[in-house]
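Derivation of every value follows stated rules applied to the coordinates shown; laboratory data play no part. Quick caveat, the model's predicted, so the values are computed rather than measured. Using ideal geometry, Cβ is built from the backbone for each residue, glycine included, and neighbour counts are taken over all protein chains shown.
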């Protein structure tokens, strides 16, 4: 169950809402409208995993090796034909 708090309520009870965010997101409103969402670090990691672009220069050897050896699932081989179309 998502919790909603005004920005004033949040400022007066930061610890309470931090604890609540460990279970579910907390929507913080400002002037009656959703303004900010407080998430647990775990929820944030789940949402951003694999979706954040990074520099290849920042990859370690294991990540580079995994990238080089990656293979497309054979079920998607038909997509190669789309690349060959002129």
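Divide by every residue of the chain the summed helix terms, -39500 (n - 2.57) for each DSSP H run of at least 4, and state the resulting mean residue ellipticity at 222 nm, rounded to the nearest 500 deg cm²/dmol.
On the way: 5 runs with 36 residues, N = 86.
Here the helix-only value at 222 nm equals -10500 deg cm²/dmol.
Can you say what percent of the DSSP beta bridges in region 3-75, counting only those with both residues inside, are antiparallel? Round to 5. Antiparallel: roughly 55 percent of the beta bridges in region 3-75. Placing dummy labels 7 Å off each Cα toward the beta-carbon, the span from residue 83 to residue 44 is 3.6 nm. Neighbour counting of Cβ atoms within 10 Å sorts the residues 7, 20, fewest neighbours leading, into 7, 20. Fewest neighbouring Cβ atoms within 10 Å first, the residues 82, 39 line up as 82, 39. A simple spin-label model places pseudo-atoms 7 Å from Cα toward Cβ; at residue 1 and residue 31 they are separated by 3.1 nm.
Which ordering of 10, 44 is given by a fewest-first count of other beta-carbon atoms within 10 Å? All intermediate terms of the calculation are to be shown ahead of the outcome.
Numbers: 10 22, 44 14.
Ordered from fewest to most neighbouring Cβ atoms within 10 Å, 10, 44 come out as 44, 10.
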